[in-house]
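The next block holds one structure in the form of structure tokens; read it before the comments.
Every read-out reported here was derived from the displayed coordinates using simple, explicitly stated rules and does not represent laboratory data. Quick caveat, the model's predicted, so the values are computed rather than measured. Using ideal geometry, Cβ is built from the backbone for each residue, glycine included, and neighbour counts are taken over all protein chains shown.
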Amino acid sequence: MINQTRETAGALMADALVQLKGIEKHFSGKIALDRAELALRRGEILGLVGDNGAGKSTMLKIISGVLKKDAGEILMEGQAVRINSPVHSRGLGIEMVYQDLSLCGSLNVWENIFLGRYQTRSFFKMPSPVLDKRKMIKMTVETMASLGIRRLDANAPVRNLSGGEQQAVAICRCLLFHPRVILLDEPTASMALKERQKVLELVRGLKERGRSIIMVTHNLEELFQVADRAAVFKEGRAIWQGPLRGLKPDDVARMMFVGKA
Ligand SMILES: Nc1ncnc2c1ncn2[C@@H]1O[C@H](COP(=O)(O)OP(=O)(O)OP(=O)(O)O)[C@@H](O)[C@H]1O
Ligand SMILES: [Mg+2]
């Protein structure tokens, strides 16, 4: 079954939105990515799985421009692109929600969402330094509502929110840039089952609104709940990529730990 659905990792995917080929990354002489390949199709959720240290976060950070690759190529819609900083990836419509969420606990929800890009008011069509708090709260509430979140207080300090709610804030923050591609690094890590299900619903909602998503997860059950396809990383390489239909979590676990299909 696995062999029937196998797509060789390096196979050219003509319909890929984002494709990474031959990616290498070293950290002080140690290899983190060793000619790694990955392809994300339009409108899909691609699950990225693998053991600790397999290179999953490093791969996402290379797509988001936080880390520079040592070798390899990144293509968007078949065209080679340069991504040397998060500004580049943002310009291409790519946003990443990091494993630590990078939220500021003492600030409230709307302040976190607009941190670094506060909206200001204008007077008689002239810009002013006065913050347009009402506009930012309205945009926060609207973005939350577009994800089906209606009960979260935009004025609540982020440190008082649950892990799932904080994940929602981090996702809303990246949505203000209208990304086509969203990279999520273990969005449900260390969450209780109920919270985890809410975050997975959010991820499904992003897909329903046309976003293409790469989601790193250690949880194979949730991989099968939300992902269309998966990529299995081992020791810096994508050892398998393919659709999950017809497979079971045990099949993927075997690939992760034994290293072959
Ligand atoms: N900034 C860094 N400096 C040095 N080594 C690093 C750095 N970032 C990652 N590494 C190393 O690169 C390898 C891949 O790490 P990476 O974080 O990508 O793995 P991962 O698959 O995300 O693992 P996990 O499931 O534990 O999050 C590991 O051996 C890690 O120790
Ligand atoms: Mg990681």
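Per-residue ellipticity at 222 nm for the chain, helices alone: DSSP H runs ≥ 4 residues times -39500 (n - 2.57), over residue total, nearest 500 deg cm²/dmol? Intermediate results must be reported in sequence, preceding the final value.
On the way: 9 runs with 85 residues, N = 261.
Theoretical 222 nm ellipticity from helices: -9500 deg cm²/dmol.
Karplus-derived 3J(HN,Hα) values for the range 160-169, using 6.51 cos²θ - 1.76 cosθ + 1.60 with θ = phi - 60°, are 8, 8, 6, x, x, 5, 5, 4, 4, 5 Hz; glycine and proline are entered as x. Charges were assigned to the Cβ only: +1 to each Lys and Arg, -1 to each Asp and Glu. The resulting dipole of the chain about its Cα centre is roughly 680 debye. Excluding same-chain neighbours fewer than eight residues apart, the aspartates and glutamates reachable from Lys21 by a Cα-Cα span under 18 Å are Glu7, Asp34, Glu37, Asp70, Glu73, Glu77, Glu235. One equal scatterer on each Cα of the range 89-182, no solvent, Debye formula: the resulting log10 I(q)/I(0) at q = 0.11 Å⁻¹ is -0.33.
Counting DSSP beta bridges with both partners in the chain, what percentage is antiparallel, nearest 5? Around 60 percent of the beta bridges assigned by DSSP in the chain are antiparallel ones. Find which of Leu161, Gly210, Ile171 sits farthest along the positive direction of the dipole of the range 155-219, computed with +1 on the beta-carbon of Lys and Arg, -1 on that of Asp and Glu, about the Cα centre. Looking along the dipole axis, the top candidate is Gly210.
Mind listing which chymotrypsin sites (Phe, Trp or Tyr not before Pro) in the range 52-134 are in a DSSP loop and have 14 or fewer other Cβ atoms within 10 Å? Mind showing how you got there, number by number?
Details: sites: Tyr98, Trp110, Phe114, Tyr118, Phe123, Phe124; in loops: Tyr98, Tyr118, Phe124.
For chymotrypsin sites (Phe, Trp or Tyr not before Pro) across the range 52-134 that sit outside H, G, I, E and B with at most 14 neighbouring Cβ atoms in 10 Å, the list reads Tyr118, Phe124.
For Arg117, Arg41, Arg151, what ranking results if the residue with the fewest other Cβ atoms within 10 Å of its Cβ goes first?
On the way: Arg117 10, Arg41 16, Arg151 6.
Sorted ascending by nearby Cβ count, the order is Arg151, Arg117, Arg41.
Taking amide H atoms as placed 1.01 Å from N in the peptide plane, the amide H of Phe233 lies under 5 Å from those of Val49, Gly50, Ile239, each 5 or more residues away in sequence or on another chain. Near Arg82: Cβ cut-off under 12 Å, other residues only, Lys/Arg at +1 and Asp/Glu at -1. The net charge is +1. As a proxy for reagent exposure, Ser212, Ser190 were ordered by neighbouring Cβ count within 10 angstrom, fewest first; the result is Ser190, Ser212. Of Lys56/Lys248; Lys30/Lys56; Lys138/Lys194, which sit over 19 Å apart, Cα to Cα? Violating the 19 Å Cα-Cα cut-off are Lys56/Lys248; Lys138/Lys194. A P(r) calculated from all alpha carbon pairs of the chain, with 10 Å bins opening at zero, reads 7, 29, 34, 20, 8, 2, 0 percent.
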